[in-house]
Amino acid sequence: MAPFAPETFPRPVDPEILTAFDNVWDGLAGPGTWWTAAERVAIVAATRTSVPLPLGEVAPDPDGLSDIVGPDGLSALTREVVRRLAVDAGRITGDWAAVVVDRLGPGRYVEMVALVVQTVPIDLLCDLLGRPHQDLPTPRAGDPSQVVPDGLGQEGAFVPWAVGAWFGPNVARALSYVPDDNARRMEVVMSMYSGGQHFGEMVWQHRPLSRPQVELIAARTSAINECFY
Amino acid sequence: MGGATGSIPHGGLLVSYAEAANRDPAAARALDDEVIAAVGEDGLVDAAVIVAVFNGLVRSADGIGIPLDDAVLAATVDARATLGFDGYLGAANSTR
């Protein structure tokens with residue numbers, strides 16, 4: 001049975017969304033572009049256990065965090081980057097990102113972002129619908145490909161991304177440094193929000209909520225997360 | 001709770017659901033019956049789907065430092081100032 005089979009949800013969920021979730025889980029179990037499968041699964045496990053810092057506690061300076069790998073397969077630096085992405089992303093600054101990208105390399109950093117942003121929506125939807133989180137997959141063997149795609153450049157983001165003949169919103173090219181994960185991430189986004197030919201239409205009749213209702217929820221969610229973009 | 005927000009049917013309830021779902025997903029389920037009564041079970045699932053996917057999108061934007069697309073940046077000068085969005089930390093990524 002597929003991990004996100006319809007019968008595992010207490011309410012009906014669009015099959016296209018569940019297929020996207022299954023593909024994320026399959027991708028999570030394999031080696032990525034910059035992390036092994038075991039490391040990818042460990043990053044998602046750390047995402048799930050991340051909590052905000054207590055009020056008044058200053059976030060650690062990433063320059064001072066160890067990159068020695070611990071028993072969970074991650075370093076203190078990696079764990080803090082995951083924590084920041086998972087529960088404190090609204091406070092990421094350019095200076096913080098510059099240090100982290102310099103220490104981890106752009107590929108490993110972008111792939112961490114990709115793993116967090118693929119799995120947070122899945123876990124959150126499960127929480128909201130009263131479904132237990134899906135067990136993490138068993139990592140498969142293999143080495144990361146470490147392939148840097150052609151056509152990347154530094155153009156305003158913290159990391160290189162697709163440039164040149166790019167047409168489309170910046171959010172769609174955000175993770176172009178890791179194309180396989182970006183494709184799975186975009187499948188999640190397309191199935192849950194912007195699906196296919198409907199995105200340019202102001203009147204939506206293909207889903208239960210109207211477009212104004214969808215955008216109202218989206219805008220409130222973005223504001224609560226203090227996301228400028 | 002509930003009612004319209006401007007001309008958006010059940011806008012007040014959907015905003016309340018979004019706020020609860022973002023701050024305490026388990027507690028948000030206390031609103032399920034009210035949301036279903038307003039927009040149906042499929043509508044409740046759709047609302048949960050949108051909250052969930054945007055929790056990924058905001059992390060993509062903030063984690064990568066995505067600058068606001070030029071056309072949107074130009075078209076939203078007044079709205080951003082009025083609503084206080086220019087005070088968000090991530091605004092620096094679009095104005096540097």
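The values are calculated or read from the model by the stated rules, or taken from the named source; none is laboratory data. On a predicted model such as this, the values are computed, not experimentally measured, just so you know. Cβ sites come from the backbone with ideal geometry, for glycine too, and all protein chains shown count toward neighbours.
More than 26 Å from A:Arg11 (Cβ to Cβ), within 7 Å of another protein chain (Cβ to nearest Cβ) and outside any loop (DSSP other than H, G, I, E, B): does that describe A:Val171?
So A:Val171 fits the description; yes.
For (1) on the phi < 0 side of the Ramachandran plot; (2) in contact (Cβ under 8 Å) with a residue 24 or more places away in the chain; (3) not acidic (Asp, Glu), each residue gets a yes or a no:
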residue: A:Asp180; (1), (2), (3): yes, yes, no
residue: A:Val203; (1), (2), (3): yes, no, yes
residue: A:Leu209; (1), (2), (3): yes, no, yes
residue: A:Ile217; (1), (2), (3): yes, no, yes
residue: A:Tyr229; (1), (2), (3): yes, yes, yes
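Which numbered condition trips up A:Gln197, out of (1) within 13 Å of another protein chain (Cβ to nearest Cβ); (2) part of a helix (DSSP H, G or I)?
Evaluating A:Gln197 over (1) within 13 Å of another protein chain (Cβ to nearest Cβ); (2) part of a helix (DSSP H, G or I) leaves (1) as the failure.
Restrict the check to the stretch A:95-118 and report whether at least one residue is surrounded by 15 or more Cβ atoms within 10 Å (Cβ to Cβ), modelled with pLDDT of 95 or more, closer than 29 Å to A:His206 by Cα and in contact with an Asp or Glu (Cβ under 6 Å, 6 or more places away or on another chain).
Yes, the stretch A:95-118 has at least one match.
Give just the number: which of (1) of a type outside the set (Ser, Thr, Tyr); (2) buried (at least 20 other Cβ atoms within 10 Å of the Cβ); (3) part of a helix (DSSP H, G or I); (4) touching a residue at least 12 places away in the same chain (Cβ under 8 Å) does B:Val45 not satisfy?
Evaluating B:Val45 over (1) of a type outside the set (Ser, Thr, Tyr); (2) buried (at least 20 other Cβ atoms within 10 Å of the Cβ); (3) part of a helix (DSSP H, G or I); (4) touching a residue at least 12 places away in the same chain (Cβ under 8 Å) leaves (4) as the failure.
Look through A:Pro179, A:Pro208 and report the one residue that is in contact with a Ser or Thr (Cβ under 9 Å, 6 or more places away or on another chain) and over 11 Å from B:Ile50 (Cα atoms).
Selected residue: A:Pro179, the only one of A:Pro179, A:Pro208 that is in contact with a Ser or Thr (Cβ under 9 Å, 6 or more places away or on another chain) and over 11 Å from B:Ile50 (Cα atoms).
Would you point out which residue out of A:Phe4, A:Phe21 is crowded, with 21+ Cβ neighbours inside 10 Å, more than 26 Å from A:Cys227 (Cβ to Cβ) and modelled with pLDDT of 95 or more?
A:Phe4
Against the condition in a helix (DSSP H, G or I), basic (Lys, Arg) and buried (at least 21 other Cβ atoms within 10 Å of the Cβ), how does B:Arg59 come out, does it pass?
yes
State all residues of the stretch A:110-132 that are over 16 Å from the mean Cα position of the chain (by Cα) and either in a loop (DSSP other than H, G, I, E, B) or of a type in the set (Val, Ile, Thr) (or both); if no residue qualifies, say none.
A:Gly130, A:Arg131, A:Pro132
Output the number of residues of the stretch B:9-37 satisfying the condition of being surrounded by 18 or more Cβ atoms within 10 Å (Cβ to Cβ) and among the aliphatic types (A, V, I, L, M).
9
Is it the case that some residue within the stretch A:47-68 is outside any loop (DSSP other than H, G, I, E, B) and aliphatic (A, V, I, L, M)?
Within the stretch A:47-68, none of the residues are outside any loop (DSSP other than H, G, I, E, B) and aliphatic (A, V, I, L, M).
Checking the condition of a type in the set (Val, Ile, Thr), in contact with a strand residue (DSSP E or B) (Cβ under 9 Å, 6 or more places away or on another chain) and assigned to a helix (DSSP H, G or I), which residue from B:Val53, B:Val15 passes?
Only one candidate passes the filter, namely B:Val15.
Go through (1) at the interface with chain A (Cβ under 9 Å from one of its Cβ atoms); (2) closer than 21 Å to A:Asn225 by Cβ; (3) among the acidic types (Asp, Glu) and name the single condition B:Asp24 misses.
(1)
Quick check on my filter: what residues within the stretch A:1-21 are over 14 Å from B:Val53 (Cβ atoms) and of a type outside the set (Gly, Ala, Ser)?
Scanning the stretch A:1-21 gives A:Met1, A:Pro3, A:Phe4, A:Pro6, A:Glu7, A:Thr8, A:Phe9, A:Pro10, A:Arg11, A:Pro12, A:Pro15, A:Thr19.
May I ask you to list the residues in the stretch A:200-228 that are within 7 Å of chain B (Cβ to nearest Cβ), surrounded by fewer than 21 Cβ atoms within 10 Å (Cβ to Cβ) and among the aromatic types (Phe, Trp, Tyr)?
Passing the criteria: none in range.
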